[in-house]
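Student: Here's a structure for you.
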Amino acid sequence: MTGNWTRGAVGTALALAVTVGAAGCSDNSGTPSTGSSKAASAASKAASAASSLASQGTDALASATAEAKRKLDEAKGGVKAKDDVSLGSATIGGDGKATVKVTAKNTADAAKSFAVQVNFTDTSGNLLDVTVVKISDVAPGASGDGTATSNRKLTGQVKADVATALRY
């Protein structure tokens, strides 16, 4: 979503600059009017602000992704267990963060823990946030539950998907 949001915000700012420029490009003397110059400057500032906001969103997503990788790396000797993990429906809480119930079924013959990377996406599949939930000491043949919570406030309709699951 960040990429689409960036393109949309910058595109809107550029459209505003073009519209303002076309509406008051020059006075009758052929020189640019002061109003259109100020409007173009404002449009330029809007584009810069949109780019800055998009950069902050991209930075937050990059940071969350790096943290998720670090947490997964802690699961030494882990084996892929994505098929043993299921998710409930993502909801947005009063704090604006998305949450989803994570259930891991231990199909091993000894107690195991799980590290599950959950990706929060919009309805178009654009990545909004990434987090890792750990579910510890699940008995053999049993299931354990946890809750994955987004790192930041998310808006709109949010979906959750298991990106990676490790049993260790």
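Student: Hand me the tally of lysine pairs in region 62-146: alpha carbons under 21 angstrom apart, and the pair either on different chains or 8 or more positions apart.
Tutor: Qualifying lysine pairs in region 62-146: 29.
Student: Could you grab the relative contact order for region 81-168? Cα pairs under 8 Å, six or more apart, rounded to a whole percent.
Tutor: Averaging sequence separation for qualifying contacts and normalising by length gives 40 percent for region 81-168.
Student: Report the net charge of residues surrounding Gly144, where surrounding means a beta-carbon distance below 15 angstrom and charges are Lys +1, Arg +1, Asp -1, Glu -1.
Tutor: Value of the local net charge: +2.
Student: If you don't mind, there's one more thing I want to ask. Considering only protein heavy atoms, what per residue accessible area in square angstrom results for region 74-127 with a 1.4 angstrom probe?
Tutor: Per-residue value: 52 Å².
Student: Next question, about the same structure. Work through the residues other than Ala104 whose Cβ is under 13 Å from its Cβ and net out their charges, Lys, Arg +1 and Asp, Glu -1.
Tutor: Here the charged neighbours net out to +3.
Student: Using θ = phi - 60° and the Karplus curve 6.51 cos²θ - 1.76 cosθ + 1.60, what whole-Hz ³J(HN,Hα) does each residue of region 132-149 get, with Gly and Pro shown as x?
Tutor: For region 132-149, the Karplus curve yields 10, 10, 10, 10, 9, 6, 7, 5, x, x, 9, 10, x, 10, x, 10, 8, 10 Hz.
Student: I've got another one for you. What is the percent carbon and sulfur in the accessible area of region 52-168, measuring with a 1.4 Å probe over the protein chains and ignoring ligands?
Tutor: Looking at region 52-168 in its full context, I get 48 percent from C and S.
The values are calculated or read from the model by the stated rules, or taken from the named source; none is laboratory data. In this text, all values refer to a predicted model and were calculated from it rather than measured experimentally. Please note: Cβ atoms are built from the backbone with ideal geometry, for glycine as well, and neighbour counts cover all protein chains shown. Each accessible area value is taken on the protein alone, full model and side chains, heavy atoms only, with ligands, DNA and RNA left out. Shrake-Rupley method; radii C 1.70, N 1.55, O 1.52, S 1.80 Å.
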